[in-house]
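Derivation of every value follows stated rules applied to the coordinates shown; laboratory data play no part. Please read these numbers as outputs of a predicted model, since none were measured by experiment. Note that each Cβ is placed from the backbone with ideal geometry, even for glycine, and that neighbours are counted across all protein chains shown.
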Ligand code: APR
């Protein structure tokens, strides 16, 4: 492995990195969960910066400055809403991870922190989401000298990500 892929238990805003991934919705106008935390920390300028970038399709990423987050960039990605698993949800979630990692590499940045995208309001099953996250991130950590952090805000996600990291 040229790079690293690790679990962090807690608030993703506490992780020192180049890029913080936001679990956004297509409007990019903020919300609850991660989205709410990031917009609160970044301040009102973030909403203005996001406005011209919206709508963001599911599985895609839009990049802004961090404003109140200092020199960290914010990668706004829109995860799939879980609708039972037969509507391409897993591939759309995988796309969120790949597009964010491609954006990191394109900008020659070296560290990124993800939340467990879609496992909150969007209802994606935690274990399957952790498997997607690790499966998509591991090849990038192998190929590039980058630090990828998967953050978990609750024990269920932490256990799921730990399990996925051990089994991969
Ligand atoms: N740090 C790390 N993880 C967090 C944090 C935080 N500060 N806050 C929440 N989480 C975790 C949640 O516990 C969950 O496991 O992030 C995961 C994603 O949850 P949500 O934030 O609800 O995101 P998502 O399920 O993708 O739903 C997105 O919710 O907030 C709205 O505007 C957002 O419409 C969008 C939807």
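So is residue 46 in contact (Cβ under 8 Å) with a residue 40 or more places away in the chain and either in contact with a strand residue (DSSP E or B) (Cβ under 8 Å, 6 or more places away or on another chain) or within 8 Å of the ligand (Cβ to nearest atom) (or both) or not? So residue 46 does not fit the description; no. The set of residues in region 61-82 being within 14 Å of the ligand (Cβ to nearest atom) and over 18 Å from residue 109 (Cβ atoms) consists of 78, 79, 80, 81, 82.
A single member of 30, 85 is assigned to a loop (DSSP other than H, G, I, E, B), in contact with a helix residue (DSSP H, G or I) (Cβ under 9 Å, 6 or more places away or on another chain), more than 9 Å from the ligand (Cβ to nearest atom) and on the phi > 0 side of the Ramachandran plot, and it is 85. When 41, 24 are checked against the criterion of being touching a helix residue (DSSP H, G or I) at 6+ places or on another chain (Cβ under 9 Å) and surrounded by fewer than 20 Cβ atoms within 10 Å (Cβ to Cβ), 41 stands alone in meeting it. Residue count for region 69-80 satisfying the condition of being in a loop (DSSP other than H, G, I, E, B) and either touching a residue at least 60 places away in the same chain (Cβ under 8 Å) or touching a helix residue (DSSP H, G or I) at 6+ places or on another chain (Cβ under 8 Å) (or both): 2.
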